[in-house]
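To keep things clear, I will list the structure first and then write my remarks on it.
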Amino acid sequence: MQALRRSMVRAVGGIALAAAVAVPALAQQAPAANNPAANNNAATLEAIRNRGTLVCGVTTGLAGFAQPDSQGVWRGFDVDYCRAVAIALFGDASKVRYVPTTAQARFTALQSGEVDMLARNTTHTLSRDTSLGFDFPAINFYDGQGFMVRASAGVRSARELDGATICVQPGTTTEQNLTDWSRASNIRFSPVVIERLEEVVQAYVSGRCDVYTTDVSGLASTRAVQPNPREHVILPEVISKEPLGPLVRHGDQRFADLVRWVHNGLVNAEELGITSSNVQQAAQNDPRPEVQRMLGRSGDLGQMLGVNNNFMANIIKELGNYGEMFARHLEPIGVQRGPNALWTQGGLQYSPPFR
């Protein structure tokens, strides 16, 4: 294709890096070995409570997932996970301080204790789960890496990208996936590697590169905020598995358990048909035992997590269930449920039982 600058290309075997209600106190656990923030890990929940605010690391700005609105208020799917954890801890969704983090700086921010958790598009991998000293409590979005090009280029398949310049962020699984895919597919490309999300997007929009590659949800987000989204085409190929989810430091399972069961509760609520509009009625009148346990009307599941028994009722009342959050933030930018549909509807989202 003429739009791709083949003359700039030499065989590339890899990519060079360029220049986020008081509750009973919890007993402190022993620090995890070999963890840079181990001394802080064991007291994460206590530190959050004493501070009175959850500090949540988010992306620097991605429509639908985490982005400040015109009033400077953070909104999005990932932001709602920060708010949900704050509701569980304080009964107040506003008790969150958001820290924008780049792809490269996010892990240092979590390791150092600058943030209590990350709620930004971060892929669960073995190395991140082990050598970096992190835990992924849940997968809240199943994604995959794709490619976006300008419609005027006439490209219909990633197989036509030989000779392209491709914009990509460093310090991401996207970068490694691109290298692996190019080698396996015998596709040559010239990388444009830029750290900050807004800058890499601007490089693509301005024509500095022919192609922008990241998770398909990120491509959809970028396309949705362009003056004319139809000028950009997301190609059909998906070249990786990108299970995304919130991230916490290894060594404090109590905090990880809380984040995990907040996610499970959001999914379970959708499975059970519990929504923001009927949750109060369900708590009073729904005879199903699991509904009564999840909403804190029977049992002591919340106390097992160190929060109030009605923590999920409070979360659902303000934020809705998983499906409501998805519809509110992601459907408007063109993201369909796909693998993020409930397991009963052919998707992968599935909650362990509340019992």
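The values are calculated or read from the model by the stated rules, or taken from the named source; none is laboratory data. The model shown is predicted, which means the values in this text are computed figures rather than measured ones. No Cβ is skipped: glycine too gets one built from the backbone with ideal geometry, and neighbour counts run over all protein chains shown. Keep in mind that these areas ignore ligands, DNA and RNA; they rest on the heavy atoms of the full protein, side chains included. Shrake-Rupley method; radii C 1.70, N 1.55, O 1.52, S 1.80 Å.
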Name the long-range amide H neighbours of D143: under 5 Å, sequence gap of 5 or more, or other chain; modelled H, no Pro or chain starts. E242, L244
When the charge dipole of the chain is computed with +1 on Lys and Arg Cβ and -1 on Asp and Glu Cβ about the Cα centre, the Cα farthest towards its positive end, among L118, T102, S298, belongs to T102
I'd like the carbon and sulfur percentage of the solvent accessible area for the chain, probe radius 1.4 Å, heavy atoms only, ligands and nucleic acids excluded. 48
Ignoring everything except DSSP H segments at least 4 long, calculate the 222 nm mean residue ellipticity for the chain; use -39,500 (n - 2.57) per segment, divide by total residues, nearest 500. -9500 deg cm²/dmol
In whole angstrom, note down how far apart the Cα centers of the stretch 304-355 and the stretch 198-266 are. 18
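Ranked highest first by average number of other Cβ atoms within 10 Å, how do 92-99, 298-305 line up? Present the calculation step by step, with values, prior to reporting the outcome.
Values: 92-99: 17.8, 298-305: 16.2.
Peptide ranking by packing, descending: 92-99, 298-305.
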Taking the Cα centre of the stretch 197-296 as the origin, how large is its charge dipole in debye, to the nearest 20, when only Lys and Arg (+1) and Asp and Glu (-1) carry charge on their Cβ atoms? 200
Which one, F136, V85, N50, is farthest towards the positive end of the dipole of the chain when Lys and Arg carry +1 and Asp and Glu -1 on their Cβ? F136
Once phi for every residue in the stretch 163-172 is put through the Karplus expression 6.51 cos²θ - 1.76 cosθ + 1.60 (θ = phi - 60°), the whole-Hz ³J(HN,Hα) values, with Gly and Pro written as x, are x, 7, 9, 10, 7, 8, 8, x, x, 10
For the stretch 127-220: rounded, prolate or oblate by the Cα gyration tensor [a/c cutoff 1.5]: prolate
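For the chain, report the accessible area per residue in Å² (1.4 Å probe, heavy atoms, rounded to an integer).
Values: 15130 Å² over 355 residues.
Here the residues of the chain average 43 Å² of exposed surface.
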Residue by residue through the stretch 81-90, the couplings from Karplus 6.51 cos²θ - 1.76 cosθ + 1.60 with θ = phi - 60°, in Hz, x for Gly and Pro, are 5, 4, 5, 5, 5, 5, 5, 4, 7, 10
Can you list the HN-Hα couplings for the stretch 207-223, worked out from phi with the Karplus curve (6.51, -1.76, 1.60; θ = phi - 60°), rounded to whole Hz and with x for Gly and Pro? x, 5, 9, 7, 9, 10, 10, 6, 4, 4, 4, x, 5, 4, 5, 5, 5
Mind putting a number on the dipole of the stretch 69-150 about its Cα centre? Charges go on the C-beta only, +1 for Lys and Arg and -1 for Asp and Glu, and I need it in Debye to the nearest 20. 220
Amide H to amide H under 5 Å from H250: which residues, 5+ apart in sequence or cross-chain, H placed 1.01 Å off N in plane? F134, D135
